[in-house]
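The values are calculated or read from the model by the stated rules, or taken from the named source; none is laboratory data. Since the model is a prediction, treat every value here as computed from it, not as a measurement. Virtual Cβ from ideal backbone geometry, glycine too; neighbours counted across all protein chains shown. Keep in mind that these areas ignore ligands, DNA and RNA; they rest on the heavy atoms of the full protein, side chains included. Shrake-Rupley method; radii C 1.70, N 1.55, O 1.52, S 1.80 Å.
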Amino acid sequence: MEYCSSNPIITASDAQRLSAGKLKVIGAFNPGAAQFNGKTVLLVRVAEQFEPETGCMEIPIAKDGGVTRLKIAKDGRYDFGDPRVIAGRKGEKYLTSLSKLLVAQSDDGVNFSFTGNGIIPQGGYEAFGAEDPRITFIDGAYYITYTAVSAMGVCVALARTSDFVSFERLGIVLPPDNKDAVLFPEKIGGKYYMLHRPSASEFARPEMWIAESEDLIRWGNHRRLCGVRDGWDCARIGAGPAPVKTKDGWLTVYHGADEDNRYCMGALLLDPQKPWIVRKRSEKPFMEPVNGYETDGFFGGAVFSCGMIASGDKLRIYYGAADDKICLAYADTDEITAGMSDVAGGTDN
Ligand code: MAN
C-alpha cells in the first residue's frame, strides 16, 4: 500500500467557504467515491459546529431545511467526554456537530474542488445530520446509502442521483439503530444485496449483517455475516465502500475498532455467488492510524473508508483520517487478499 504524497487531500478549511452564518466547518471526512463522466467524484461528509462559547455548547440541529441551535450548559448534567457526542443523565444524546454531504470533483483523483451540490439535512430523520455515504453504481444510476441521525435514532437512508447535481431521497431503508450500509454493484442470483450494521447492545455486539431485496427499497432475509473477534476489531465492525468483484469473490473493505476506539481497516472476501458466506478475512489490519494526520485530529486514531475506486486490480482508497480530513491510499487487490486467512466453517444459512 502506498500513501498519496499530497495527504491529506481535503481538509476542513477547504470546505469552509460553503458554510453559512456562525457555523464553522470542523471536518471534511469519510467520503463516498465514484467515477462519473471521466471525473472522480467524492461525496464528502462536512461537519459543522457553532463557535464554542464559555460555559455552554450550542448544538446545531437541522430543521425545515435550515439550522437551529440548542444550548446545553456545561453544569455537570451532561457528559462532554467524547468530542463527537454529548450524553445526558437520562440517556438523551446529541451530536456536537451537524454533518451534510457535499460533492467534490477531480480530474486527477487527487486535487478536488467542491461543486456546491449535495445532500443537506432537512430535519426529521436527519435532524442531527447525514453521515458516512457509500456510493454504488447500479443499472445506470448512483445509489447512496448514508446514515440519517436524529432523536428518533440512527437509521440507514437511501438516495439516488444520475448527475451529482440533484439527489432524490428514497427514504429510510433500515430502522434504528443501524449504519455502515452499502449496496453491492450488481444483482447476485437475481437479487440485490446490502451489507449493514445493526448497533446491537443487549446480547450481541455491533457486527456486520447482509440483507437481500428485489427493488433496493424493501429488505429482508437478514443474516449475520461476520462478527467481532479478539484484537484490533474486537469492539465493533462495519462495512466500508461497495464490495469489489474480483476473480476470487467480493472484496469488502471494513473498519474495525478496539476497546480504545482505535479504528483500523481490514477486508473480507465474500463468496462470489453466495455473498452471505465469508471465505477469507484479514488477520491484521491492512491500514492502521499511524501517520500524524491519522493519529491527531478531531477524533485521533481513526482511519475510516466509505469510498474506493477500482480500476482492474488497482484500488484508490479514499478515507477519513481522525474524523476531520480526507486522505488517499493506493493498493493492489492482491496485496490486500495476501494478508487474509481462510474462514473456517462459513455459514451457508
Ligand atoms: C463512527 C462512525 C464514523 C466515525 C467513526 C470514528 O462509528 O460512524 O462516523 O468516523 O465512528 O469516530
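Tell me whether region 279-349 comes out rounded, prolate or oblate; compute the Cα gyration tensor, take square roots of the eigenvalues as a ≥ b ≥ c, and use a/c under 1.5 as the rounded threshold. Intermediate values should be presented prior to the final figure.
Working: a/c = 2.35, a/b = 1.65, b/c = 1.43.
Here region 279-349 falls in the prolate category.
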Legend entry - Accessible area, probe 1.4 Å, largest first, for residues LYS74, LYS280: LYS74, LYS280
Legend entry - C-alpha center-to-center spacing [region 214-234, region 169-193] in angstrom: 11 Å
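If you add up the charges near PHE112, with Lys and Arg at +1 and Asp and Glu at -1, over every other residue whose beta carbon is less than 13 angstrom from its beta carbon, what do you get?
Details: positive: LYS39, ARG316, LYS325; negative: ASP14, ASP107, ASP108.
Charge balance in the 13 Å sphere: 0.
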Inset, instruction - Starting from the Cα gyration tensor of region 257-302, multiply each eigenvalue by 5, take the square root, and state the resulting semi-axes largest first in whole Å. - result: 29, 10, 9
Inset, instruction - Give me the Kirkwood hydrodynamic radius of the chain, using the inverse of the mean 1/r over all pairs of distinct Cα atoms, in Å to one decimal. - result: 20.2 Å
Inset, instruction - Please list, in chain and number order, the residues 5+ apart from ASN30 or on another chain whose amide H is under 5 Å from its amide H, with Hs placed from the backbone. - result: GLY320, ALA321
Legend entry - From phi via Karplus (6.51, -1.76, 1.60), per-residue ³J(HN,Hα) for region 178-189 in Hz, x at Gly/Pro: 7, 7, 6, 9, 8, 8, 6, x, 8, 5, 10, x
Inset, instruction - Just tell me which lysines come within less than 17 Å, Cα to Cα, of LYS63; anything on the same chain fewer than 8 places away is out. - result: LYS22, LYS71, LYS100
Inset, instruction - Using Cα pairs closer than 8 Å and at least 6 residues apart in sequence, work out the relative contact order for region 120-204, in percent. - result: 22 percent
Inset, instruction - Using only Cα positions of region 202-349, each an equal point scatterer, no hydration layer, compute I(q)/I(0) via Debye at q = 0.12, 0.13, 0.16 Å⁻¹ and quote the log10 values to two decimals. - result: -0.50, -0.58, -0.88
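Keeping all protein chains in place, calculate the accessible area per residue for the chain (probe 1.4 angstrom), answer in Å².
Working: 14720 Å² over 349 residues.
Using a 1.4 Å probe on heavy atoms only, each residue of the chain averages 42 Å².
With the contact rule set at Cα under 8 Å and sequence spacing of 6 or more, what percent relative contact order holds for the chain?
Values: 987 pairs, mean separation 53.5, N = 349.
Rounded, it is 15 percent for the chain.
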Inset, instruction - Express the C-alpha Rg of region 43-201 as a ratio against the empirical globular expectation 2.2 N^0.38 Å, rounded to two decimals. - result: 1.14
Inset, instruction - Calculate the length of the line joining the C-alpha centroid of region 1-67 to that of region 279-338, in whole Å. - result: 19 Å
Legend entry - Amide hydrogen neighbours beyond the local backbone of ALA235, cut-off 5 Å, H modeled: ALA257, ASP258, GLU259
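Which shape class applies to region 1-42: rounded if a/c is under 1.5, otherwise prolate when a/b exceeds b/c and oblate if not, where a ≥ b ≥ c are the square roots of the Cα gyration tensor eigenvalues? Walk me through the intermediate numbers first.
On the way: a/c = 2.85, a/b = 1.55, b/c = 1.84.
The shape class here is oblate.
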Inset, instruction - Report the longest stretch of the chain that contains none of the chymotrypsin sites (Phe, Trp or Tyr not before Pro) sitting in a DSSP loop with at most 16 other Cβ atoms within 10 Å. - result: 204-349
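Rounded if a/c is under 1.5, else prolate if a/b beats b/c, else oblate: with a ≥ b ≥ c from the C-alpha gyration tensor eigenvalues square-rooted, which is region 295-334? The partial results should precede the final answer.
Values: a/c = 3.72, a/b = 2.80, b/c = 1.33.
It is prolate, given that a/c is not under 1.5 and a/b is the larger ratio.
Leaving ligands, DNA and RNA out of it, rank MET287, MET1 by accessible area with a 1.4 Å probe, largest first.
On the way: MET287 0, MET1 75 Å².
From most accessible down to least: MET1, MET287.
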Inset, instruction - Enumerate the calculated ³J(HN,Hα) couplings along region 47-59 in order (Karplus 6.51 cos²θ - 1.76 cosθ + 1.60, θ = phi - 60°), each rounded to whole Hz, writing x wherever the residue is Gly or Pro. - result: 9, 10, 9, 6, 3, x, 10, 6, x, 7, 10, 9, 8
Inset, instruction - Please list, in chain and number order, the residues 5+ apart from LYS179 or on another chain whose amide H is under 5 Å from its amide H, with Hs placed from the backbone. - result: ARG197, SER199
Legend entry - Fraction of accessible area attributable to carbon and sulfur, region 223-297 (%, probe 1.4 Å): 44 percent
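Could you work out the relative contact order of region 69-122? I mean the mean sequence separation of Cα pairs under 8 Å and 6+ apart, divided by the number of residues, in percent.
Details: 55 pairs, mean separation 11.7, N = 54.
Relative contact order here is 22 percent.
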Inset, instruction - Using θ = phi - 60° and the Karplus relation 6.51 cos²θ - 1.76 cosθ + 1.60, list the HN-Hα couplings for region 300-314 in order, rounded to whole Hz, with x at every Gly or Pro. - result: x, x, 9, 10, 8, 10, 10, x, 8, 10, 10, 10, x, 9, 9
